[in-house]
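The values are calculated or read from the model by the stated rules, or taken from the named source; none is laboratory data. It should be emphasised that the depicted structure is a prediction, and the values quoted were computed from it without experimental measurement. No Cβ is skipped: glycine too gets one built from the backbone with ideal geometry, and neighbour counts run over all protein chains shown.
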Amino acid sequence: MRLGIADHLGWAIAVTASEDHEVVDRRRLELVEPGITSAPIHYESRRLDVAGTAALVAQVRAAVVRATSAALDELVAALPAPIGSISLRVWPLDFPDDIAVQRRAPYEARADAIMYRRELAELAHDRGWQVNVYDAKAVEEQAIRLLAERADEVLRGPRARLGPPWTKDHRVALAATILAG
């Protein structure tokens, strides 16, 4: 099974597909525990100093690990076969780890999203899953080229078969699983 993730701040759309691109599961994953800020750098760091921001990021990161682990465990338990790979939106590998740097533009706008992707990747590695990355702006078009005449059936067909919701996030996550093959 291949898992595609279209992440947002604190939540994600997860689409799990078989090797022949059949959607086996689709769901919203909560990536942070309730009551915890989803964006410690972008929203909260303005009112804190660097040490306070670092402490908050550590707290949020721990809440992300717990919530995301539980969500992934629940997903795995619902599937008929094991997950072999996860596909995540790409992030710059050289993105700074220093909280003081992350608090400044242009980093503060992306720091929280990258935190989620890094934690998802780490949790996937811990489970033995291959981690793939994709360009969210190009992934659908790349999948369409690979699928050729099957593209519409594979990427848009699940809405007819499964019913709503089937949004752009679902298509992106599914397209990412196709590229992982």
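When only residues in segment 93-115 that are assigned to a helix (DSSP H, G or I) and of a type in the set (Gly, Ala, Ser) count, which is surrounded by the fewest Cβ atoms within 10 Å (Cβ to Cβ)? Within segment 93-115, the match that is surrounded by the fewest Cβ atoms within 10 Å (Cβ to Cβ) is ALA109.
Conditions tested, residue by residue: (1) touching a Phe, Trp or Tyr at 6+ places or on another chain (Cβ under 6 Å); (2) under 24 Å from ASP126 (Cα atoms); (3) modelled with pLDDT under 95.
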| site | (1), (2), (3) |
| --- | --- |
| ALA6 | no, yes, no |
| LEU9 | no, yes, yes |
| THR16 | no, yes, no |
| GLU30 | yes, yes, no |
| ILE41 | no, no, no |
| ALA51 | no, no, no |
| LEU56 | no, no, no |
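Condition (residue is touching an Asp or Glu at 6+ places or on another chain (Cβ under 7 Å) and closer than 30 Å to VAL50 by Cβ) applied to segment 128-141: is it met by at least one residue? No - not one qualifying residue is present in segment 128-141. For segment 141-165, the candidate set comprises residues that are crowded, with 21+ Cβ neighbours inside 10 Å and of a type outside the set (Val, Ile, Thr); within that set, the residue that is farthest from ARG117 (Cα to Cα) is LEU155.
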